[in-house]
Each structure stands twice: as structure tokens, then as C-alpha cells.
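For reference, the structure is listed below as C-alpha cells.
The values are calculated or read from the model by the stated rules, or taken from the named source; none is laboratory data. Computed from a predicted model, the values in this text were never measured in an experiment. Note: ideal-geometry Cβ built from the backbone for every residue, glycine included; neighbour counts use all protein chains shown. Each accessible area value is taken on the protein alone, full model and side chains, heavy atoms only, with ligands, DNA and RNA left out. Shrake-Rupley method; radii C 1.70, N 1.55, O 1.52, S 1.80 Å.
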Amino acid sequence: DALPISFLTSQEQLRDYKMKILFLPIFAIFLLSAFDPADSSAYYDKILSHSRIRARKEGPNVCALQQVMGTKKKYFSTCRNWYQGTICGKKATVLYECCPGYQRLNSLPGCPAVAPIDHVYGTLGIVGATVTQDYSDKSQLRPEIEGQGSFTFFAPSNEAWDLLDPEVRAGLLSNVNIELLNALHYHMVGKRMLTKDLKNGLTLTSMYNDLSLLINHYPNGIVTVNCARIIHGNQIATNGVVHVIDRVVTAVGTTIQDYIESEDELSSLRAAAITSDVLDTLGKPGHYTLFAPTNDAFEKLPRGVLERMTLFRS
């Protein structure tokens, strides 16, 4: 028997409707990828602009930062961090400091004076990376970064050096003309690279044995070099630029397994990964992305779930 025309029409309309529903998200993704003007080079500048807006009542050229409570770590914050009052889930307080490139002047409000432009060595002092500056002296790097050339220096903050393993740090200082000099050269690139030039996925050639530095520039404005985060970027020097980072750069040679085993905040994940035999897999060659729940995240699970996860193998 033939179906009524009205039934066929309604079926065709339903099919067309489903096709439209399927097409819309695909088209939206295409639009975002094809026409979104905010490429990765603009993300850091965006959070810096937001930091200025949040601090506008403090005077000209003042930026608002967040400092993790109980530490000296401070960052230009993302919108989410700002409104949640946290950094990586940890409570943070608000600080007001001069934006990069500016400084205070006598008793005038805000930061009305343009910071002096010096060579890279002098700029390390301007941004407060005095330990890196001192190590540049000790290793005989100073004449190089005071002289002609064009350099990008990813300079560890004073606190970053304190976070370095004491034995590793002692080893660098026991052989300043080779080991320490090599370590500092590994933080340098032989041309000026502002944050707008540090595009996500970019690989830079360092000044130590041409070893690579991997750049990540995330949509939330965070920029990292080999996982060290830029906390004060774009301090222009006469012969380059200085970016202060929150840890000492090391080669990206560890596996996800190594990272899980070394992080105290991932001990619950580590236990579950060992039980399920996943941890060994994450130490093998391959490419993996792991969304790693912290201990705090595991504690929010219903009672008994974590115990069952670590008792029974998959």
C-alpha cells in the first residue's frame, strides 16, 4: 500500500531538520576555526589588558595580580581564576604592581613613569630576577648579554631557583663556567621574541647545543616554555627581551609516568593508576593526553569509590 503524501512530507521534513541540527555545530566549528581573530599570539596580551582594567582604581599603568596564599607565586590571572579567587584550586590574594615597562615615581599615584630600557643583564635586575642576574655574573654570561646581539631570555624568578632540586642547583654552582653557563644558555634564544610571537606549538632553538624549547600559548592567556609559565613577560631590553618564568627550564624528557610519580598532589591518581596497570603504559613510548584529577578531586567522590578503585584491578 502507498503511504499518504502527508506522511512522506513529514518524514522528509524530519530528515531535513535532523540534517540542519547536525550541520549547525559543524558549521559553528568551521566559523570558529576560520574567522576567530583571536589567534594564540593575542591571548597573553588579553589577560594583561584585563589586569590593567581590574587595577584602574589604583592609578595609571597598574596591573592586578593574584598571589597563591602561603607562597611567593604570583600571576596575571585568567578570568576564571580572578572570579574564583584561586590559582590551580589554591586560594589567592590580590596584589597591585606596575605593569611591565612602567615604574612608580615619587608619591604620584600609580606607575606613571616608563621603566628605563637597559641591556638584558640590566633588565634582569629591573624585573627582580636578581638570582639569574647573579648567576649570569658567576658564569661569565654577563658580557654576552650586555653586548651586541638580540636575545630572548626566559629568566627564572628568584623563587623558581628555590624550587629547583638542591642537588641539581649545587651541581650547577660547582661548575659555573660550564654547567651553569649551559643551563642559562638553555633559557635563551638568539633573537627577540615577544609573547605575541610565541605561538602555541612553536618550537624554538635554544642557545645551548640547539636544544629545543616548546612553547604553549593557551586560550586563557597562559604562556609556557617547556612547561615553565611566563609570569612577567615582554620586558624590553636594548638587545632583546626578558620574560620572567616560574620555574627553571629543564629538557622535556620525562614521561607522564615520571610526572605522576613525582607529584604529591597526584598520589590518589598514582594509586589508582598502579592498581589498573595504567601507570606503566604512561611510561611507554607514544603520545598521550591525561586529564589528571588531583587528590582534592578524588576526595569529592562518594565515600568508598576511591577505595574500590585501588582495591580491584580492571
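If I compute solvent accessible area with a 1.4 Å probe over the protein chains, what percent of it on the stretch 186-247 is carbon and sulfur?
52 percent
Return an integer: the convex hull volume of the alpha-carbon atoms of the stretch 160-314, in Å³ per residue.
Details: hull volume 23.6 nm³, N = 155.
Cα convex hull per residue, to the nearest whole number: 152 Å³.
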Take the Cα pairs of the stretch 149-247, get the Kirkwood Rh, then feed it into Stokes-Einstein at 4 °C and 1.567 mPa s and tell me D in µm²/s.
94 µm²/s
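Relative to 2.2 N^0.38 Å, what does the C-alpha radius of gyration of the stretch 109-163 come to as a ratio? Two decimals please. Let's see the in-between values first.
On the way: Rg = 12.4 Å, N = 55, 2.2 N^0.38 = 10.1 Å.
Against the compact-globule rule of thumb, the ratio is 1.23.
How much of the pair distance distribution for the stretch 53-123 lies past 15 Å, counting alpha-carbon pairs only, in percent? Don't skip to the end; give the middle numbers.
Values: 1444 of 2485 pairs.
Distances greater than 15 Å cover 58 percent of the Cα pairs.
Could you order peptides 294-300, 42-48, 72-78 by the average number of other Cβ atoms within 10 Å of their residues, highest first? Before the final figure, lay out the partial values.
Numbers: 294-300: 13.1, 42-48: 18.6, 72-78: 21.4.
In decreasing order of mean packing, 294-300, 42-48, 72-78 become 72-78, 42-48, 294-300.
Past 30 Å, Cα to Cα: identify those pairs from LYS90/LYS138; LYS73/LYS191; LYS46/LYS73; LYS91/LYS284, in the order given. Walk me through the intermediate numbers first.
Working: LYS90/LYS138 36 Å; LYS73/LYS191 28 Å; LYS46/LYS73 21 Å; LYS91/LYS284 36 Å.
In this structure, LYS90/LYS138; LYS91/LYS284 lie more than 30 Å apart at Cα.
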Please quote Rg/Rh for the stretch 196-287 to two decimal places, taking the Kirkwood radius as Rh and restricting both calculations to Cα atoms.
1.07
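Please compute the volume of the convex hull spanned by the alpha-carbon atoms of the stretch 91-205 and report it per residue in Å³.
Working: hull volume 18.4 nm³, N = 115.
Expressed per residue, the convex hull around the Cα atoms of the stretch 91-205 is 160 Å³.
Using a probe radius of 1.4 Å on heavy atoms only, what accessible surface per residue do you get for the stretch 183-252? Whole Å² is fine. Present the calculation step by step, with values, prior to reporting the outcome.
Values: 2740 Å² over 70 residues.
Per-residue accessible area for the stretch 183-252 comes out at 39 Å².
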For LYS91 and LEU211, extending 7 Å from Cα along the Cα-Cβ vector and measuring point to point gives, in nm, a value of 3.9 nm
